[in-house]
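Read-outs throughout are calculated quantities, based only on the coordinates presented, and are distinct from any laboratory measurement. From a predicted model like this one, the values you see are computed outputs, not experimental measurements. We place every Cβ from the backbone using ideal geometry, glycine too, and count neighbours over all the protein chains shown.
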Amino acid sequence: MPDLNEGINVDDILQFKELAKQDPAKADRSPTLIAHWDGGDRSRVEFGDIVTHVGGDNDLGPMHMVLASLAACDVDLVAMHASILGLKIESLSVEVTGQFNVRAYLGLEDAPGSGYGAITNRVRIHVPGATPEQIAFLRERCQKSSPVGDSLARPIEMKLGFEADTGG
């Protein structure tokens with residue numbers, strides 16, 4: 001069976017954790033991503049040299065990416081904390097389901113907001129020898145420490161800048 005914990009450098013994580021404890025600013029992140037329209041409902045999203053596509057016929061749509069981000073964040077979070085606890089992960093998956101309505105997106109009047117109204121995630125992990133206390137700790141980390149989960153669970157100030165060039 002493959003060692004799924006491979007690639008997680010616990011020593012580096014613990015060193016960074018101590019650094020962030022001493023200087024909280026070391027844990028700050030301020031990413032900027034840019035999305036460009038590729039036609040139809042497809043966008044090319046850039047983060048430095050990293051490029052991915054969202055929408056279109058062969059990629060996840062934006063609302064799917066919200067759920068994918070939550071699932072991937074929780075996989076990363078649980079894998080990291082399980083590794084710190086010294087647990088050997090034999091399998092780990094996160095299933096995320098959400099419900100939303102697109103009437104406001106379509107511009108229909110008196111429609112409810114077009115964002116997710118409910119999201120459910122289910123973590124499935126197989127870690128032989130884990131104690132009930134360790135499993136409870138991993139569950140608590142998902143509830144309290146997931147950056148994507150935390151972002152989705154509370155209001156976030158959104159500021160829209162809108163520039164239009166209508167000249168020739």
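Details
- Average Cα contact separation per residue, the chain, under 8 Å, 6 or more apart, as relative contact order %: 18 percent
- Taking every alpha-carbon pair under 8 Å whose residues sit at least 6 apart, the range 1-90 reaches a relative contact order of 30 percent.
- In plain terms, the C-alpha convex hull of the chain casts an average shadow of 14.4 nm² when viewed from every direction.
- The 3J(HN,Hα) values that the Karplus relation (6.51, -1.76, 1.60; θ = phi - 60°) gives for the range 147-158 are, in residue order, x, 6, x, 5, 4, 6, 8, 9, x, 10, 5, 10 Hz. Gly and Pro appear as x.
- Between residue 21 and residue 114, the C-beta separation translates, for a Förster distance of 41 Å, into a calculated FRET efficiency of about 0.55.
- Counted as membrane-span-like here are DSSP H helices of the chain whose alpha-carbon atoms extend 24 Å or more along the helix's own axis and whose Kyte-Doolittle mean is 1.0 or above; these are 62-84.
- Contour minus Cα-Cα distance for residue 95 and residue 12 (0.36 nm per residue): 27.0 nm
- Extension gain for residue 150 to residue 72 (0.36 nm times residue separation, less C-alpha to C-alpha distance): 26.7 nm.
- Modelled label positions at residue 57 and residue 160, each set 7 Å beyond Cα in the direction of Cβ, lie 3.1 nm from each other.
- Loop-resident sites, the range 1-56, for GluC sites (Glu not before Pro), counting at most 12 other Cβ within 10 Å (DSSP): 6
- Calculated FRET value between residue 106 and residue 47, using beta carbons and R₀ = 41 Å, to 0.05: 0.90
- Amide H contacts under 5 Å for residue 56, placed H, 5+ residues apart: 41, 42
- A DSSP coil position with no more than 16 other Cβ atoms inside 10 Å describes the following trypsin sites (Lys or Arg not before Pro) in the range 36-90: 88.
- Backbone N within the range 107-147 under 18 Å of label point (7 Å from residue 64 Cα along the Cβ vector): 116, 120
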